[in-house]
Amino acid sequence: MGVLEISIEQTECPICVYPSKIFLEKSRDLTIFGNAKYTAQLALAEPQLTFRFFETDVLERYSNDPRFNFEIHDFNGSISCQYDEDGKPILREEDQIFLKSFGLGFDSESNRVVAVILRDLGRLSWEHQVYWSTKEISFSECKVLEDHFNNVILGQWITSKSMFSALIDEINAIHKLTASIFGIPLFRKQFDGQDSPKNFTFFFSPTSKNYYDFINLLDKFLSENINKSFFEGTLELEELKQIEGDIYERVRKGTLRLLEEWIVLSFRFPDDSHPSKMLKSLKKVRKERQTPAHKVVDNKYDKNYFAKQKSIMEDCYFTITSLRRNLQTHPDAHLVELDPYLDKVDVKYF
């Protein structure tokens, strides 16, 4: 190329010099990169911090395989391989990958997509680069989620939360409130980052299996998590059910039935139908959970499952938030210190 002489003014900004794309396309041997598509793009001086976009089901391979550490937090996540007790990788060499960060974006029709920085893609093994390339979407049709861009590229703190994380926060707040006020928590279990299942998020492929698996998990957080002991001494936990004639059977009331009766006793509403309407979303989750339990459901692909998940999550979040706010009207609620952001956080359905 000959002798290069560079003259610059004094500046605090770092200056980088790269070969031009034209020069590299003419002089670089790309055959040494084989099928590593994204490594080859970097070798041709493609900007390292540009995004490539993919269908969300690209993540299922990693989320469903316990040999990978698959983490997702609201709008971004990471992928790496697992190691055994001796510190040796449990996967074959070509699967020993580390994807530092992936995030969310949307295509031209507002469908959710996965966004990954080219530099991180270029560090995958060529086998995994081939796999990701089969799920790639033209980046001219997509935009990265603003929260992910601000966090990864601009290094900004993000204060917004996904509806999934926000629902867990509300459950934990109700657990803390009721345990302090009544001496026993309404919900049997709290959930922190380690206890929350990795699949309590949007599903990556809109199939009936993924939808009902999510419904099953959501019901475990809500109805199945309600502590029946909380109602002892306040409500009758059983009722008589007529079988025929003068024959009755004593049966235990369900958790949602008990919660509704307790709400009626504990709070005053201008409309008597409000407690039933308030718990409508939780009852819907329980009803939806019964579908695969009582009949065989063929697994099918339907993008409407994305909208169904969003709708049911919004309704459940509203219900649990309303319950927490009603509990905060109790005279002893001021003694319970809750995170102040509960009513201030920007909750989004990423």
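Once the Cβ-Cβ distance of Leu4 and Ile153 is raised to the sixth power relative to R0 = 35 Å, the FRET efficiency obtained is 0.70. For segment 1-125, the spread of Cα positions along the three principal axes, ordered from largest to smallest, is 54, 41, 32 Å.
What does the C-alpha gyration tensor say about the overall shape of segment 211-315? Classify as rounded when a/c is under 1.5, otherwise prolate if a/b is larger than b/c, or oblate. Here segment 211-315 falls in the oblate category. Charging the Cβ of each Asp and Glu at -1 and of each Lys and Arg at +1, and nothing else, the dipole of segment 1-146 about its Cα centre rounds to 360 debye.
Once both labels are positioned 7 Å from their Cα atoms along Cα-to-Cβ, the gap between Val296 and Phe267 label points is 4.4 nm. Length gained on full extension, Tyr131 to Glu337: 69.3 nm, using 0.36 nm per residue less the C-alpha separation.
Ellipsoid semi-axes for the chain, based on the Cα gyration tensor and the rule √(5λ), read 51, 24, 18 Å when sorted largest first.
Partners of Lys209 within straight-line reach, counting aspartates and glutamates whose Cα lies under 17 Å from its Cα and excluding those fewer than 8 residues away in the same chain: Asp57, Glu60, Asp65, Asp219, Glu288, Asp298, Asp302. Accessible area per residue (1.4 Å probe, heavy atoms of protein chains only) ranks Asp315, Asp246 as Asp246, Asp315, with the largest value leading. Starting from the Kirkwood Rh over alpha-carbon pairs, what translational D in µm² s⁻¹ does segment 50-89 have by Stokes-Einstein at 20 °C and 1.002 mPa s? Answer, rounded: 184 µm²/s. Cross-linked pairs Lys280/Lys348; Lys161/Lys308; Lys88/Lys189; Lys189/Lys303: Cα-Cα separations exceed 27 Å for Lys88/Lys189; Lys189/Lys303. About the centre of its Cα atoms, segment 183-256 shows a dipole size close to 340 debye [charges on the beta carbon of Lys, Arg (+1) and Asp, Glu (-1) only; nearest 20 debye].
Of the DSSP H helices in the chain, those with a Cα length along their own long axis of 15 Å or more and a mean Kyte-Doolittle hydropathy reaching -1.0 comprise 163-182, 208-221, 255-266, 304-327. Ranking Phe53, Cys316, Leu177 by Cα position along the charge dipole of the chain, where only Lys, Arg, Asp and Glu carry charges on their C-beta atoms, puts Cys316 farthest toward the positive end. The Lys209 and Ser311 beta-carbon pair, evaluated with R₀ = 25 Å, returns a calculated FRET efficiency of approximately 0.85. Only Lys, Arg, Asp and Glu carry charge here, each on its Cβ (+1 for the first two, -1 for the last two); on that basis segment 131-197 has a dipole of about 260 debye about its Cα centre. The helix-based estimate of mean residue ellipticity at 222 nm for the chain, built from -39,500 (n - 2.57) per DSSP H run of four or more residues and divided by its residue count, is -11000 deg cm²/dmol to the nearest 500.
Straightening the chain between Asn111 and Leu91 buys 3.9 nm, computed as 0.36 nm per residue apart minus the Cα-Cα spacing. Would you mind telling me the share, in percent, of accessible area of the chain contributed by carbon and sulfur at probe 1.4 angstrom? On the chain, the fraction of accessible area on carbon and sulfur atoms equals 49 percent.
Considering segment 131-178 at the alpha-carbon level, its Rg and Dmax are found to be 17.1, 51 Å. In this rough spin-label picture, where each label sits 7 Å from Cα along the Cβ direction, the Ala43-Asn304 distance is 4.8 nm. Between the alpha-carbon centres of segment 11-76 and segment 265-291 there is a gap of 49 Å. Averaged over residues, the count of other Cβ atoms within 10 Å places the peptides 288-295, 210-217 in the sequence 210-217, 288-295, highest first. Relative contact order of the chain: 17 percent, from C-alpha pairs under 8 Å at least 6 residues apart in sequence. In terms of Cα to Cα distance under 18 Å, which lysines are near enough to Lys241, apart from those fewer than 8 places away along the same chain? Partners within reach: Lys253. Overall, the anisotropy analysis places segment 273-314 in the oblate class: the square-rooted eigenvalues a ≥ b ≥ c of its C-alpha gyration tensor yield a/c not less than 1.5, with a/b not exceeding b/c. Listed by chain and number, the lysines whose C-alpha is less than 27 Å from the C-alpha of Lys37, apart from same-chain residues fewer than 8 away, are Lys21, Lys26, Lys100, Lys135, Lys143.
The values are calculated or read from the model by the stated rules, or taken from the named source; none is laboratory data. None of these values were measured; they are calculated from a predicted model. Every residue, glycine among them, receives a Cβ derived from its backbone with ideal geometry; neighbour counts consider all protein chains shown. Note: areas computed on protein heavy atoms with side chains; ligands, DNA, RNA excluded. Shrake-Rupley method; radii C 1.70, N 1.55, O 1.52, S 1.80 Å.
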